[in-house]
1. Can you work out ³J(HN,Hα) from phi for every residue in the stretch 188-200, in order, using Karplus 6.51 cos²θ - 1.76 cosθ + 1.60 and θ = phi - 60°, giving whole Hz and x for Gly and Pro?
2. Would you mind ranking Phe165, Phe77 by Cβ crowding within 10 Å, fewest neighbours first?
3. Give the aspartates and glutamates reachable from Lys193 as a straight Cα distance under 20 Å; neighbours fewer than 8 places away on the same chain don't count.
4. To make sure I understand the rule: partners must be aspartates and glutamates, Cα under 12 Å from the Cα of Lys97, and not fewer than 8 residues away in the same chain. Which ones qualify?
5. Name the residue from Pro64, Leu91, Tyr47 whose Cα lies farthest towards the positive end of the charge dipole of the stretch 47-112, charges +1 on Cβ of Lys and Arg and -1 on Cβ of Asp and Glu.
6. From the phi of every residue in the stretch 77-94, what ³J(HN,Hα) in whole Hz does the Karplus formula 6.51 cos²θ - 1.76 cosθ + 1.60 yield, where θ is phi - 60° and glycine or proline is x?
7. Summing Lys, Arg as +1 and Asp, Glu as -1, what charge do residues with Cβ under 15 Å from the Cβ of Ala51 carry, Ala51 excluded?
Amino acid sequence: MFRLGRLFSFAVFTLSAWTTLAQPAEISARVERLYLEGAALYDKGAYRDAAARFEEAYALYADPQLLFNLGRAQEGFGDPRHAMESFQRCLAHPDVKEPVKTKAKARLEILKAAEASAAEVVKAPPVAPPVAPPVAPPVAPPPSSALPWTLFGAGGAALVAGGAFYLLGADAHAELEEGIGANPATITQEKAKELQTQGENRKTLGAILSGVGGALIISGGIAMLLQGGAPEAKRGAAWLNPSLSPGGLGLSLGGAF
């Protein structure tokens, strides 16, 4: 809370002297009452009511000290523009004296500095919020290359199994032919039929497994091409190539290094 202090005491003395010498008693009493009421309201923090009392008192008695008190009350309720006007009127008054003049000038300078500071804040451009750097999209993982190699492995296994069964069938037929050629009496009709059937079944199973193996290997090659793995993905790899001939099924090893 702003304190008027000795200024009020001085003003009371001045007002009392003036009202006694120059004014009718009823006006003097009214001015002094308004002044004292304003001082009491100011001390309580009722700045608007205090300003109203000082302004009414000044209308009856144009004393510069009342203008100073009015400016302080206007500061109290947050009206710096009118407070500066009151201090300027106080300084321009022909009867203003020390220490009122010094105090009014000091308050005016403080308010002007505050006004200039607020104006600078308003003029300052708004600070743009920091812009976050663009987030790079997640990099998609390279396509898996497990499928082609799985197909190659399964195809190779099927080819090996098919070749084995085909060779077993060929052995059964060879045994039948050798037995018939060497001594037909040693091979019964039932045995001959069994060897013939075994040979055919094993050769058929071998051919099926070989066909499946070849299809799996071809599928693995297609999958590798679709995944963009040729020719670099084939470098340093090995694979089995099936081959058919009049003498049976064959396998050849191929690779790129």
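Just so it is clear, none of the values below were taken in a lab; they were calculated from the coordinates. Just so you know, these numbers come straight off a predicted model, no measurement behind them. Reconstructed Cβ throughout: ideal geometry from the backbone, glycine too, with neighbour counts over all protein chains shown.
1. 6, 4, 5, 5, 5, 5, 5, 5, 4, 5, 4, x, 5
2. So the residues, fewest neighbours to most, are Phe77, Phe165.
3. Asp171, Glu175, Glu177, Glu178
4. Lys97 reaches Asp63.
5. About the Cα centre, the residue reaching furthest to the positive side is Leu91.
6. 9, x, 10, x, 5, 5, 5, 4, 4, 5, 5, 5, 5, 5, 5, 7, 5, x
7. Cβ neighbours under 15 Å give a net charge of -1.
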